[in-house]
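Colleague: After the structure tokens below, expect a handful of questions from me.
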């Protein structure tokens, strides 16, 4: 334990001084599956926690092909030109297969990679989305402690990862293509309603008119949906990551959002809710992991699921029996 | 056990013969908290399961004041005039406080209550939404076994109960008022996207034009949202539960939906997914109940939550510790 504390202090000191090598090593500890690495990581995170939080956390999503990397490059260059320090993280469910792609992320964002104000860390690999999300959420803490005041967390708009990202950011941006509605085939229902800003990208050349029309359509449509609990009115803008048009306006809007939600206490309140959410969400994840990996449960579950689907057993009765077996309350 | 089986057989025989007194008594067993009632209820449900499923299950939601009771009366009379047998159930989170309101539901729907083809059962009371939803889902099984081929499950569009209802019905109907957008203040985000049909009610007298305009606006807006996994195109209609205008069209549309989704195998597939959903959802609910009621956990949780909110402890680390205490893996 004492050794862990000495080691952790070295890491914490390095991170607080903005040492990127230390930061990267600490993130690797977060991602490690070894128990002693996990323990060390927890100590480092808890040392960094009091120094974290002074930032804006931005979630960005959109289907492949919408131009996320180019957009993040353009927004990131704008942000860093104002003296801000940017960290770019990702939650990519596909990295569960590819085990992350450092090279991929860095070559996709060549300018940002070379920018000394910017830190890019690819998505962690993991067995479950919950695990990957957890690691990203903890990485946010370390990045903030290392002095990064702007965080972008990127994800692909096709699965449950948006819910995870939405639960760890202050501002959620959905990128769409000018062909309004067309690419929604690839976006999961419910994601549009999470957005604080919808940006129609690739509004350049021949696309400009189409992008404007698409933006107007979305603006009308979003008015017909229930208001956000922040009372922030969802904005719809056009932009071109390629030409840079609209990028400054988007950053301006994010700043406006922060001012608006901080004045009403919503910004801080949402962060507290998110911390509480992750506590209870993680409890649930751990309980489920233990449950589904319990050998006796796993065998019985297959049987019971078959019976439920064949309408021989009620799902509720089956669930009750399985939980009793798990907790040793029966048999 | 033998006595339970004999008792259960009497109930099952009665229910299968359409005996409403037996049906009501069995539902009361489902709602009971006594262990022996619960066991008897499980046996009855499992006896009814093979005879259930031959129905259309319709979820209806909308804010208070939208005219749900009048609408259900109008739709219900239409349905029963075609020789169908209708059961009306409800999931009302407020019944957790009022412990259900039999009188309320029956006086709200005076005509349906007097209709011999129709069975109305008020919302079960319960400690948690999960518990209430569970009881309603099991009540559906018994009603179907008793020969009811049309089920309406009503809820109020203000909370998590829609998610529960959506997970136990084939078709989800959202009722809105003619003042497009106005009453959305009361509807939770995400509910609009669950609907298979949006019906603008109270389209009578002076409201007719406003209702038509509102319907057109919603129609346009819904086109800009991702398609449903059923590939069913969400419809928007106007109706007046008071004058009866549009009610026959709505029933026709529900029949069309069933034909459409049955032809593609979606209807049956969705019911299977729902059964699986309830199995795993209930496992989760039971695990959480056990966890949060664990005395040692409850004490420690308060402490840890305070530390998490004060940024002294990471939510993930706290969750891990708590689950270990719960499962007796530590201390």
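The values are calculated or read from the model by the stated rules, or taken from the named source; none is laboratory data. Everything numeric in this text was worked out from a predicted model, so none of it was measured. Heads up, the Cβs are rebuilt from the backbone with ideal geometry, glycines too, and the neighbour counts pull from every protein chain shown.
Colleague: Can you work out which of the residues in the stretch B:129-148 that are farther than 25 Å from residue B:286 by Cα and in contact with a helix residue (DSSP H, G or I) (Cβ under 6 Å, 6 or more places away or on another chain) is farthest from the other protein chains (Cβ to nearest Cβ)? Working first, answer last.
Modeller: Residues of the stretch B:129-148 that are farther than 25 Å from residue B:286 by Cα, as a first pass: B:143-148.
Cutting the leftovers down to in contact with a helix residue (DSSP H, G or I) (Cβ under 6 Å, 6 or more places away or on another chain) gives us B:145-146.
On the way: B:145: 11, B:146: 16 Å.
That would be B:146.
Colleague: Within the stretch B:315-330, take every residue that is more than 7 Å from chain A (Cβ to nearest Cβ) and either in a helix (DSSP H, G or I) or touching a residue at least 24 places away in the same chain (Cβ under 8 Å) (or both) and give me the one that is surrounded by the most Cβ atoms within 10 Å (Cβ to Cβ). Can you show your working first?
Modeller: Of the residues in the stretch B:315-330, the ones more than 7 Å from chain A (Cβ to nearest Cβ) are B:321, B:324-326, B:328-330.
After this cut, where a residue has to be either in a helix (DSSP H, G or I) or touching a residue at least 24 places away in the same chain (Cβ under 8 Å) (or both) as well, the list is B:321, B:324-326.
Values: B:321: 16, B:324: 14, B:325: 18, B:326: 23.
Once the filter is applied, the top-ranked residue is B:326.
Colleague: Going by the structure shown, is residue B:312 modelled with pLDDT of 95 or more, farther than 30 Å from residue A:314 by Cβ and facing chain A (nearest Cβ under 8 Å)? Step through it out loud before you land on a result.
Modeller: Details: modelled with pLDDT of 95 or more: no; farther than 30 Å from residue A:314 by Cβ: yes; facing chain A (nearest Cβ under 8 Å): yes.
So residue B:312 does not fit the description; no.
Colleague: Looking at the stretch A:34-56, which of its residues are touching a residue at least 24 places away in the same chain (Cβ under 8 Å) and farther than 14 Å from residue B:311 by Cβ? Break it down stepwise before answering.
Modeller: Our first condition is that a residue be touching a residue at least 24 places away in the same chain (Cβ under 8 Å); within the stretch A:34-56, this holds for A:36, A:39-41, A:43-45, A:47-49, A:51-56.
Once the filter is applied, which keeps residues that are touching a residue at least 24 places away in the same chain (Cβ under 8 Å) and farther than 14 Å from residue B:311 by Cβ, the stretch A:34-56 yields A:36, A:39, A:40, A:41, A:43, A:44, A:56.
Colleague: Within the stretch B:127-166, how many residues are part of a loop (DSSP other than H, G, I, E, B) and either at pLDDT 95 or above or buried (at least 24 other Cβ atoms within 10 Å of the Cβ) (or both)? Give the steps one after another, and end with the answer.
Modeller: So the first thing to find is which residues in the stretch B:127-166 are part of a loop (DSSP other than H, G, I, E, B), and the list is B:127-128, B:146-149, B:156-160.
Of the ones still in play, those that are also either at pLDDT 95 or above or buried (at least 24 other Cβ atoms within 10 Å of the Cβ) (or both) are B:146-149, B:157.
Number of matching residues: 5.
Colleague: Considering every residue within the stretch A:175-190, establish whether at least one is more than 14 Å from chain B (Cβ to nearest Cβ), modelled with pLDDT of 85 or more, in contact with a strand residue (DSSP E or B) (Cβ under 7 Å, 6 or more places away or on another chain) and more than 29 Å from residue A:266 (Cβ to Cβ).
Modeller: Within the stretch A:175-190, the first condition is being more than 14 Å from chain B (Cβ to nearest Cβ), and the residues that meet it are A:175.
If we keep only those that are modelled with pLDDT of 85 or more as well, we get A:175.
Now restrict to residues that are in contact with a strand residue (DSSP E or B) (Cβ under 7 Å, 6 or more places away or on another chain): A:175.
Subset that is more than 29 Å from residue A:266 (Cβ to Cβ): none.
No: zero hits.
Colleague: Now for a different question. Based on what the data block shows, is residue A:300 more than 30 Å from residue A:173 (Cβ to Cβ), touching a helix residue (DSSP H, G or I) at 6+ places or on another chain (Cβ under 8 Å), assigned to a helix (DSSP H, G or I) and more than 7 Å from chain B (Cβ to nearest Cβ)? It would help to see each step written out before you state the result.
Modeller: Details: more than 30 Å from residue A:173 (Cβ to Cβ): yes; touching a helix residue (DSSP H, G or I) at 6+ places or on another chain (Cβ under 8 Å): yes; assigned to a helix (DSSP H, G or I): yes; more than 7 Å from chain B (Cβ to nearest Cβ): yes.
Taking the combined requirement at face value, the residue satisfies it.
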